[in-house]
Each structure stands twice: as C-alpha cells, then as structure tokens.
Amino acid sequence: SPSKSISKSNKKNTPPLFHPFPDLAKKDARQVRYNLARQRQQRKGNASYGDLLERQSNLHTVDPQGKGTIHRVYMCATAAQRFNAGGHKKALLLGTVQRERKNAAAGSRTKTSLSSQPTEDDFCPVAKVHALWEPPDAEDLSSLKAWSRVQKLASYLGIVPIGWIFSYDKEEEDSDDDEKSCLLGASELLFGAQLQIQQMKQRGREEGAKIVTLAMQSSDGATEAFQLSDVCVQMTAEGLLLDSSSSILVTTRHEVIVDGRETKELDPLLCVVNTALLSHEGMYVLSTKSTIKKKTGTLTLKTRKALLKALEEEEESPPKKSKNKSAATKDTSSLLSLLCDFSTLLVLDKLMGDDTKTEELCQCVSKWARGQKKGTQIPATLQRTLQSLLSS
C-alpha cells in the first residue's frame, strides 16, 4: 500500500543513530525484547530468572564513574570575571587540550644522572580555557545555530570548543533539602551531553569527548567543574533523558538500573564526574570588561575608538628597519594586543565577510598571543581594511 511504501522510504532516508559510546549502546531491538519480557511477566504473575536477565540486559546501568577524560581544567581568570558580570548566562568555552605532568611539582625538581625519564603514565590530559564566547542572546547558545562561524574563527586561532559555563543563584543556606546539592539538573545535563555528542561527531570520539561543564555562582563567582559520565552521554544520544525542570531528579523515558533496581528517576550526581579546577590567563581575553554590546553584538564605542587610535598611531609612526632585511616595517604591537580578544575578532570577521582576510588576521594575532612578538605584524592592506570598516 502507499502508506507502507512511504514508511519504508522514510526508514531508508533516516540517518543512522550516532552512538558516542558504542559499547554502551542499547539498540531498539533490545527495547522491543524488553517490552515483550515485561508482558510475559505480567501474564505469568511472576518472572523467571531468565526473564529478569533478559530484561536487565536491555537496560542501561547507571553507576558512579570514577574519572573522566580530562584530569584538570584551567579556567581563564579574566574570562571568569567578565562572565560574572551579572545575570543568568551561558557561554561556550574555547581552548586547548594538552598533556602535562600529573604532579606539576615533579617537573621543577633538579635532575641528576640518576633521575629516571618520565613515562606516559606520568602525564595526564588537561583542558585550558583561552577564550569565552557569550552570544548576545543567551538562548542562542542552546540552539547551536551560530556555532559554525564561531568554530571556524576558533580553528584559525588554534583553539576548539572544550566545554561550556553557566551561572546560577546561590541557594539559601537554611535550606534543609539535601537533594539540591547537585548544581546540574536535567536541562544542564542534556545541553552538556548534546555539546559533547556534536564535538564527537566533528572531531572524533576520542578528542570530542574532552568536554567540561563549569557551574559559576553568580553572587561570588565560586565555580565548580564537572564532566558527564559516558552512560549519560550515550543515554542522551538515544533520547532516553527527558528535559524537566519540575523535579530535582532526572526523568528517563523508560527504566534504567540503579543499585540493582529499575527506576525512571536518576540522581544527577550519578551522571557527573567532579574535575579539578585551576586558574590561569587565557590568550584571547583582553580585559574583564566586555568589548561588545550584549544586546546587539557590535563593538562598544570604547573598543572601536581604541582600535582606530592604534591604527592611526601605527600609520603615523615611522617605519623600523629590520636587521636582516633592507625593507622597513612598522610596529603593530599596540594593535595586536587590542586584537587578542575573541569577541572583538568575531565582530571584525562579520564586518569583513572574507574568510581569507579573517584567517590572515587570526594568524598574526595567534603568533602574537603565543609569544612570537618579534617580527609579527599586520599587513598594511589589512590595516587599511580594518580602518575603513571601523570608521564607517
């Protein structure tokens, strides 16, 4: 019949479900067998040992996860102060994931001829936040629509999405509800898991899984770091977790196993992994005050004037002769220091509308931010383009 042919064509056109952790996946066929086993149990009035094993093999088992893919997180102190400017907000964390010694003090010890060489076990993966992107409208972060331009600019700077941060109100100290100890609810778990799934699709399962969630207290800026457990991310990919703000517990679409029991309610603490949080200075956050207007997403008047002033000063300054070359160059250090801000670069990228120019600008800024200040300069043609755009 026509209806059957339509349903068959829809099944063929439906893309296969992406499993972040295939070893933890529960296929749809297993769910069907689980439903049949429950029906048999209801008809019998009791269940055999085989029925119980069959049913539980089709359900996710949620246990506390000991450790995540990231050993510790370094949050940019300047970005944290900028983010804590007030209100309930969400922002994307951009940075790098690298390896360093598990014990940082071990690297500073004096080495002798008897010192052993460090092994792979002496190092651990760490995430370092170098930039923070907060969209003009906080809801845009949840829609994941404006991320293509953000991720492209980040790739030019050599950074990638490594997590997200949200702010919350401090709970009353006289509250006797112990269940409110976890800062992450269903909506936070879902968003963090969806972000990780997206990155695992784009960057691969191993690298994309290195995603962190930071929760900041809006009153005093106290921040905690988490990672989501593997089973939480897998259940999100299967559509098992339900978004509900009415309950502290997380509701699931069908039963899962917790402590050997079947339940449809999960404690969020079972879905997170506590992660050590340290502070450092990121490369692409200029100051604690935002360089863009929150409502419109355009440059503030102060930022625009500062950039124009730097461009004018460098245009009027006499060129410096290089030691190795006869050609003269101009010092663009003041301009480059102002451009070491991800939000500013994102606005300039939109104004230029040219990926080639944006990539060229980001390469100069990236070299400057990573310490290659000698000889790094912005081409004169690119300076004229920036001056024209900022003056209009």
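The values are calculated or read from the model by the stated rules, or taken from the named source; none is laboratory data. Treat the numbers as computed from the prediction; the structure is a model and nothing was measured. Glycine also receives a Cβ, built like all others from the backbone with ideal geometry; neighbour counts cover every protein chain displayed. The accessibility values were calculated without ligands, DNA or RNA, using every heavy atom of the protein model including side chains. Shrake-Rupley method; radii C 1.70, N 1.55, O 1.52, S 1.80 Å.
Listed values for region 155-161 are Karplus-derived 3J(HN,Hα) couplings in whole Hz (6.51 cos²θ - 1.76 cosθ + 1.60, θ = phi - 60°), namely 5, 5, 8, x, 10, 9, x, and x replaces Gly and Pro.
The Cα atoms of region 178-268 define a convex hull whose projected area, averaged across directions, is 6.9 nm². Packing around the peptides 55-65, 294-304, 186-196, taken as the average count of other Cβ atoms within 10 Å per residue, puts them in this order, highest first: 186-196, 55-65, 294-304. Atom-type composition of the exposed protein surface of region 219-292 places 47 percent of the accessible area on carbon and sulfur (1.4 angstrom probe).
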